[in-house]
């Protein structure tokens, strides 16, 4: 399960942006359907990695993205979350997908230590 290593990398990157005297409360990550990460496994591993990386109690907000696709038969464009989605217009498969490989740390939320 490489999601633990991915979680540790995300936590380390988030912690590196943590201002002095503040506690990290939330990490926001965008995850495309073809990034090679199982979202449920990432959500399971994140608290373990957060504890290990010195940001205990930090929550993960995982935003699941869709990829864009085009049908090679009828040229219809549509959003997909799996490679196995047939064209909604003509039913053709396979499709040509673009994007969906994103795995981005897009934000953190912090609070001052005095507020804790």
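The values are calculated or read from the model by the stated rules, or taken from the named source; none is laboratory data. If you're wondering where the values come from, they're calculated on a predicted model, not measured in any experiment. All Cβ positions, glycine included, derive from the backbone under ideal geometry; neighbour counts span all protein chains shown.
Couple of notes before you dig in:
- Of all residues in the stretch 38-54, none satisfies being at pLDDT below 95 and not in a loop (DSSP other than H, G, I, E, B).
- Residues in the stretch 15-44 that are within 19 Å of residue 63 (Cα to Cα) and touching a helix residue (DSSP H, G or I) at 6+ places or on another chain (Cβ under 8 Å): 24, 27, 29, 31, 37, 38, 41, 42, 44.
- Residues that are over 22 Å from residue 38 (Cβ atoms), modelled with pLDDT of 95 or more and not in a loop (DSSP other than H, G, I, E, B) within the stretch 78-106 comprise just one, 78.
- Subset tally (residues that are surrounded by fewer than 16 Cβ atoms within 10 Å (Cβ to Cβ), closer than 11 Å to residue 110 by Cβ and at pLDDT 95 or above) for the stretch 9-25: 1
- In the stretch 58-92, the residues that are surrounded by fewer than 18 Cβ atoms within 10 Å (Cβ to Cβ) and more than 30 Å from residue 43 (Cβ to Cβ): 70, 72, 73, 74, 75, 76, 77, 89, 90, 91, 92
- Number of residues in the stretch 27-48 that are crowded, with 16+ Cβ neighbours inside 10 Å, over 23 Å from residue 84 (Cβ atoms) and in contact (Cβ under 8 Å) with a residue 24 or more places away in the chain: the value is 5.
- Qualifying residue in the stretch 74-97 (condition: touching a helix residue (DSSP H, G or I) at 6+ places or on another chain (Cβ under 8 Å) and touching a residue at least 60 places away in the same chain (Cβ under 8 Å)): no
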